[in-house]
Amino acid sequence: MLRYGRGLWLLLFIIFFAIDLFSPASDYPRPTDAFYVNDYAEALMQGTRDTIIVEGEYLYDYSQDLDDGGAQVVVATFAVDDASEMADYDKTELYRAWKIGDDDMGVLIILYVRYDDALEDYELIGTDIEVGYRMEPYLTPTVLGTIVDDSLYNEDYNWLLDVAVAKMHNDILNEIYVDAYGDTAIAFDQDEYFDFLMDYDSPNYGQGTEEMDTWLYVVSPHVTGWDKFSMVLPYLFLFLFGGTMVLGNTGGGGSSGGMGLRRRR
Amino acid sequence: MNKTLIYGVLAAIALVLAIIGLSLGVGYNRLVTKDEDIDAKYSQIEIRLQERHDKIGQLVGTVEGLQEHAETIYNAITEAREAYADAVANSDMDALIEADAMEAQAVTDLLVVVEDNPLITATAGFTSLMDEISSMESALAVARRDYNTAVQEYNTSVRKFPTVLYAGMFGFERDLEYWKMNDGADEVPEINFGD
């Protein structure tokens, strides 16, 4: 009996992993386990990454029980050689793959950067912003355009990418807090932020530069339907034998329809 | 004949009938879901088209002196808007696709005129106008793509075995039309703000 039991488990293992092996791979990177920041270009300072994570988590928790709640603001960076490479990224598909925001109440900010060897720093090549269906009334292209021009393309702030990104992130959050939830705006002080960056001693927040581990990904809401089922099964088997899961931030399940903004130099 | 054999045959027939029934039920429900998905995606295109229709009206008003600068473009926009209004009034999908293409072309032409004309680019709200147009066209492109993907999935399902055997019986159309645009007409106009 015991011998048959072992054989059955072995057979299940083979079936599950075979299904997993033939599951279609996504064209897009998974979000990092920090979710709110996905600094694949490694262009941001740890202080900025952690600020985005903390602010993102706070907004999500704060808005959970409000009308149009569950808002998520996610930032991603990708390294490109020039602006033409921006066309390789489909912001809508990426938004949908990461399922940002509960009930389509999300924002995806993509920063395309290039490392300038002479300056020994990253320069911004372009920006894509995608807003979820339900976020559209609050963050219209006009509003987003104004925010981006006043931060990323404003010489008062873009002398340092981190400061410009923090200013933009702050302004987008302000729009959501004020327009969607009737709260008050918080002013951005770049001197204060710069001091914060310089003195920053990283705590134990996620780094936000590496793709989420496979075992975390398969138990997160980033995969749907049969794909999720087929990916989850092998790991579910493992969980049955004492595995525990520790999952950080994940997408709320949102979708979008192409609304947002594109800017390039 | 042996009773056991008869029961066995009856059980096998019942099992086959149950499998066929189950397959029919699941297949039918799947087609209904796909059909509903197409309707939802079509509605999304309609919403986006209406938004663009409304926005173009506002934009033409925003760009001061457009009629003086580009009479042809102004007329093309007016014609496209009228075509759209007629298509909506008649619930004519082919006419709607045609009106969509006309509006897309008119918007692209408008962008060329606007970008080449310093008098217009100096107009207050020019950047906002560009952002709105670009985003609107991007959203429309996504809506069209979603619709065509839904139609493709439906058409593929209907033609696959065993669905092909009973899809017609339940009144499902065999080959739904895609939202076809002329080459390049559905491309989002590229807005270059320069440095």
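The values are calculated or read from the model by the stated rules, or taken from the named source; none is laboratory data. From a predicted model like this one, the values you see are computed outputs, not experimental measurements. As a convention, Cβ positions derive from the backbone with ideal geometry for all residues, glycine included, and neighbour counts pool all protein chains shown. Note: accessible area is taken over every heavy atom of the protein model, side chains too, but ligands, DNA and RNA are not part of it. Shrake-Rupley method; radii C 1.70, N 1.55, O 1.52, S 1.80 Å.
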To the nearest 0.05, the calculated FRET efficiency linking A:Asp121 and A:Met198 through their beta-carbon distance, R0 being 25 Å, is 0.95
Give a residue-ordered list of calculated ³J(HN,Hα) values for the stretch B:23-29 (Karplus: 6.51 cos²θ - 1.76 cosθ + 1.60, θ = phi - 60°; whole Hz; x for Gly, Pro). 4, 4, x, 5, x, 4, 4
Quick one: 3J(HN,Hα) in Hz for the stretch A:133-141, Karplus 6.51/-1.76/1.60 with θ = phi - 60°, rounded, Gly and Pro as x. 3, 7, 8, 3, x, 8, 10, 6, x
Inter-chain shielding of A:144-150 (mean C-beta neighbours from other protein chains, 10 Å cut-off): 3
Calculate the FRET efficiency for A:Gln64 and B:Asn2 from the Cβ-Cβ distance with a Förster distance of 60 Å, rounded to the nearest 0.05. 0.35
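Give me a single rounded figure for B:137-146: the average over its residues of other chain Cβ atoms within 10 Å of their Cβ. Spell out each step's value before the answer.
On the way: counts 1, 11, 10, 2, 3, 10, 2, 1, 4, 5.
Per-residue shielding by partner chains comes out at 5.
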Whole-percent carbon and sulfur contribution to the accessible surface of the stretch B:3-166 (1.4 Å, no ligands, DNA or RNA) stands at 57 percent
Which lysines have a Cα lying under 18 Å from the Cα of B:Lys180, excluding residues fewer than 8 positions away in the same chain? B:Lys41
With the 8 Å Cα cutoff and a minimum separation of six or more residues, the stretch B:3-166 has a relative contact order in percent of 33 percent
Any idea what % of Cα-Cα pairs in the stretch B:1-107 are farther than 23 Å? 55 percent
